[in-house]
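Only one structure is covered here, and it is reproduced in the block below.
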Amino acid sequence: MAGHLEDGIIAPEGAMVTYGSYLKVKELLDLQKPLSSPSEHDEMLFIIIHQSYELWFKQILHELDLAEKDLDSNNPFGALKTLKRITTIQNILTHQVSILETMTPNDFNLFRSRLNPASGFQSHQFRALEFRMGLKDQAYLKFYKTAPESLKAIESAMAKPSFTDHLMGYLARRGYKVPQEILSRDVTKEWVPSLDIESLYLSVYENHAKHQDTYIMLEALCDLDQQFSLWRYRHVAMVERMIGSRVGTGGSSGVKYLSSTLSKRFFPELWSLRGRLGSAAAYGQS
Ligand code: HEM
């Protein structure tokens with residue numbers, strides 16, 4: 001049916017910036033190189049889904065820079081806006097697992113052996129993200145020995161204060177009693193769950209009417225943490241569906257290893273405080 005095209009629509013000429021040139025579409029579409037031969041239909045899906053995860057990981061890391069900058073400049077509403085974006089992206093990443101589940105284990109087995117020993121475990125952006133959120137487990141570094149650029153990215157994430165360190169600085173400047181040993185801690189080390197911080201958060205929750213903006217910030221961080229956990233759950237459930245009890249291409253025990261990561265939390269005190277919320281003990285009365 002004719003009649004949709006308008007006179008004003010531009011037919012690009014010469015050196016004009018176009019959709020394709022700006023977004024490097026040609027280069028992008030040239031980055032999917034299935035290894036199976038003869039080619040297995042679902043390997044394209046497998047490659048594209050991983051590549052799209054990596055792009056979104058890149059965006060999340062980019063947003064994290066901004067959220068930290070906002071906290072450093074005492075702009076909680078700016079940080080909230082950015083945290084909402086990160087959580088929204090992560091929500092899509094969680095749901096995206098469903099697309100991969102349209103691939104059956106039989107389809108996957110047709111090309112799985114080609115990937116060996118590659119694995120999402122080696123995603124340096126995922127690991128850098130964990131490190132930026134305080135999960136700085138140095139034992140992971142040895143897996144990047146043969147990938148110097150990946151190692152550099154993770155080491156750089158390790159050297160930086162984690163998001164929680166930025167949050168601690170912000171809360172201290174707001175007048176909350178953040179212990180000095182936390183403010184001056186060695187930020188290159190893993191965040192260690194702190195009872196003092198749990199109590200500080202608890203007092204915000206117990207008196208939320210007085211601390212509304214901080215309360216909203218902490219709930220936003222809980223949303224973010226929960227979305228990451230949901231991704232871990234969705235991923236391990238999908239992995240079990242695909243490979244059952246087999247070991248991973250990356251060499252781990254597979255589902256058993258991934259299940260052991262389900263308890264990871266970026267903001268552990270935000271979860272533990274809930275067990276004390278509303279109890280007399282929270283007020284030191286029992
Ligand atoms: C058929 C699909 C998939 C299977 C069977 C699978 C399987 C596994 C297994 C078994 C591991 C543990 C390490 C190992 O021994 O390899 C792992 C780790 C991981 N996978 Fe997947 N995966 C799949 C899809 C994905 C996708 C689409 C992503 C998105 C980026 C992803 C990201 C990761 C990450 C980040 C880890 C490291 C998790 C951690 O150490 O906490 N995987 N995967």
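Before moving on, here are some points about what is shown:
- Residue check for Val187: open to solvent by 30 Å² or more (accessible area, probe 1.4 Å), farther than 20 Å from Tyr53 by Cβ, β-branched (Val, Ile, Thr) and within 16 Å of the ligand (Cβ to nearest atom): no
- Leading residue by the ranking (most open to solvent (accessible area, probe 1.4 Å)) among those in the range 9-53 that are in contact (Cβ under 8 Å) with a residue 60 or more places away in the chain and touching a helix residue (DSSP H, G or I) at 6+ places or on another chain (Cβ under 6 Å): Leu35
- Whichever residue in the range 236-252 is closer than 24 Å to His95 by Cβ, more than 8 Å from the ligand (Cβ to nearest atom) and not charged (D, E, K, R) and, among such residues, is farthest from the chain's Cα centre (by Cα): Gly244
Let's see how each residue does on (1) within 19 Å of Asp225 (Cβ to Cβ); (2) within 12 Å of the ligand (Cβ to nearest atom):
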| position | (1), (2) |
| --- | --- |
| Ser37 | no, no |
| His41 | no, no |
| Ile47 | no, yes |
| Gln51 | no, yes |
| Glu54 | no, yes |
| Gln59 | yes, no |
| Leu93 | yes, yes |
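- Residue within the range 191-200 that is in contact with a Ser or Thr (Cβ under 7 Å, 6 or more places away or on another chain), in a helix (DSSP H, G or I) and either exposed (fewer than 14 other Cβ atoms within 10 Å of the Cβ) or not basic (Lys, Arg) (or both) present: yes
- Cβ-Cβ distances below 8 Å connect the following pairs, each with a first residue in the range 199-214 that is farther than 17 Å from Val178 by Cβ and touching a residue at least 40 places away in the same chain (Cβ under 8 Å), a second residue that is open to solvent by 50 Å² or more (accessible area, probe 1.4 Å) and in a helix (DSSP H, G or I), and a separation of six or more residues or different chains: Glu206/Tyr283.
- The single condition among (1) closer than 24 Å to Arg274 by Cβ; (2) more than 22 Å from the chain's Cα centre (by Cα) that Thr164 does not meet is (2).
- Residue that is nearest to Trp56 (Cα to Cα) [pool: residues in the range 140-174 that are outside any helix (DSSP H, G or I) and open to solvent by 60 Å² or more (accessible area, probe 1.4 Å)]: Lys160
- Near pairs, Cβ below 7 angstrom, 6+ apart or cross-chain, from the range 236-247 (within 12 Å of Glu101 (Cα to Cα)) to any residue that is assigned to a loop (DSSP other than H, G, I, E, B) and among the charged types (D, E, K, R): Met238/Glu101; Arg241/Glu101
- The range 54-64, subset surrounded by 15 or more Cβ atoms within 10 Å (Cβ to Cβ) and hydrophobic (A, V, I, L, M, F, W, C), residue nearest to Ala153 (Cα to Cα): Leu61
- Which numbered condition Leu218 fails, given (1) in a helix (DSSP H, G or I); (2) in contact with a Phe, Trp or Tyr (Cβ under 7 Å, 6 or more places away or on another chain); (3) more than 14 Å from the ligand (Cβ to nearest atom); (4) in contact (Cβ under 8 Å) with a residue 60 or more places away in the chain: (4)
- Filter result for Leu258 (surrounded by 18 or more Cβ atoms within 10 Å (Cβ to Cβ) and either away from the ligand (no atom under 16 Å from the Cβ) or at pLDDT below 95 (or both)): no
- Within the range 254-279, the residues that satisfy the criterion of being closer than 30 Å to Gly244 by Cβ, part of a helix (DSSP H, G or I) and not β-branched (Val, Ile, Thr) are Lys256, Tyr257, Leu258, Ser259, Ser260.
- Taking (1) more than 23 Å from Ser162 (Cβ to Cβ); (2) among the basic types (Lys, Arg); (3) touching a helix residue (DSSP H, G or I) at 6+ places or on another chain (Cβ under 7 Å) in turn, Arg265 satisfies each apart from (1).
- In the range 81-98, residue nearest to Thr214 (Cα to Cα) [restricted to those that are of a type in the set (S, T, N, Q) and open to solvent by less than 20 Å² (accessible area, probe 1.4 Å)]: Thr82
The values are calculated or read from the model by the stated rules, or taken from the named source; none is laboratory data. Nothing here was measured: the structure is a model prediction, and the numbers come from that model. Virtual Cβ from ideal backbone geometry, glycine too; neighbours counted across all protein chains shown. Ligands, DNA and RNA are excluded from the accessible area calculation, which covers all protein heavy atoms including side chains. Shrake-Rupley method; radii C 1.70, N 1.55, O 1.52, S 1.80 Å.
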